[in-house]
Amino acid sequence: MKNLALIVLAACALSACGSDNNNNSSSSSSGASSSGSSSSGSSSSSSSGSSSGSSSSSSSSSSSSGSSSGVSGSVAQGIYCGSFTSSASASSSGSSSSSSSGAQASAGFCGGTATTPVFFGLIQADGSAVLFSRQSASFVLYSPGALTGASFNAVPVTAYGLNDSMVGGAGGGKETGTVDGTATTSTGLGGSTTTLAGVISGGDGTKVNFSATSNAASWNTAASASAIAGSYTGAFSVGSTAYTPSLTIAAASDGSATITGTDTTTTTCTYTGKVTTPDPVHNDYNVTLASSCLTGKNFSGIGAFFPPSLSSPGGILSKAQLKAGLTDGSTTGIYLNLTAK
């Protein structure tokens, strides 16, 4: 699956993604939806989180998950929750039948759990996306090329094993493949809803079918540095090493936000980063993160913010959460799930 990572988060038919408990990147399963670009799926694979959010190339129709925005682009832009099936011989329809239990648990996505994850994703207006799901027994972050149309075929995607999950023959490894699917938008009394369905094919023959629904209420929430400013704790793993950052996000005068902090387990680790809002009218953030303990790895990707009053499949969030899918553009992907202190 190819390099490109931007958080595509998910919406099961409820109000938004995100379980109450944050720490534990181990639940990196919930995936993100993808929308495709016209059949080629766009060969340009944007690197995780570097998307500008400015108008997308392919797709003039901007029927995002239930909203109109000043940023035109992918018809599938939005936050998604859904379900998936994984097997070495699964067919490609995307009509996955196995879904998450909806039970809330540590580090769950959209109400799913580490053992029963759901497909979770985020697609930006320019087609940048990040999807989380499961590949066989491994939790995976999928970084696809631009998903900008109502259908997409053979879009390159890179799969990164999370929390030492086996991918590409190695714990925390990666492999390349393709993603095919469709984004279908319908309008009802509650507004527009986009259904994302398709299949992710791995180089090892594994196929992951997914089906997810956009959450307009969550996606159509304005993004700003002031909204996410605060103190957070989180957890993620690189290979077999776990990190537990304690981070401060502070609004800057230019409208962005800075990230600083240390690790609660290894205080010699320091963190720096930045958060920007490529599409201010939507719940859409570009995130970068670097750690002194991860020399040479500068992570970037996309994410979304969920306030404490948000209703999720697992219940009402008691604390705000910022969820992002990041990659170093090379060998490593992480699910950064931060919970407000």
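The values are calculated or read from the model by the stated rules, or taken from the named source; none is laboratory data. On a predicted model such as this, the values are computed, not experimentally measured, just so you know. Cβ sites come from the backbone with ideal geometry, for glycine too, and all protein chains shown count toward neighbours. Quick note on the areas: whole protein, heavy atoms, side chains included, nothing else; ligands and nucleic acids left out. Shrake-Rupley method; radii C 1.70, N 1.55, O 1.52, S 1.80 Å.
Summary of values
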item: Virtual spin-label span in nm between M166 and C293, 7 Å along Cα→Cβ; result: 2.7
item: Two-site label geometry, A250 and S186: point separation in nm, points 7 Å out along Cα→Cβ; result: 4.9
item: Cα centroid separation - the range 127-196 against the range 230-295, whole Å; result: 23
item: Neighbourhood net charge (9 Å Cβ-Cβ; Lys/Arg +1, Asp/Glu -1) for Q124; result: -3
item: Rounded percent of accessible protein surface that carbon and sulfur make up, the range 211-314, 1.4 Å probe; result: 55
item: Cross-link pairs beyond the 23 Å C-alpha cut-off, checked among K207/K297; K274/K319; K297/K319; K174/K207; K174/K319; result: K207/K297; K297/K319; K174/K319
item: Using distinct alpha-carbon pairs, which all enter the 1/r mean, Kirkwood radius of the range 161-224 in Å; result: 14.3
item: Probe 1.4 Å, protein heavy atoms only - accessible area per residue of the range 173-307 in square angstrom; result: 38
item: Percentage relative contact order, the range 213-341, counting C-alpha pairs under 8 Å, at least six apart; result: 21
item: Cβ-based net charge around I334, under 15 Å, with every Lys or Arg adding one and every Asp or Glu removing one; result: 0
item: Selected from N220, F306, T332, residue furthest toward positive end of dipole (the range 194-341; charges at beta carbon); result: F306
item: Accessible area per residue in Å² at 1.4 Å probe, computed on the range 118-161; result: 14
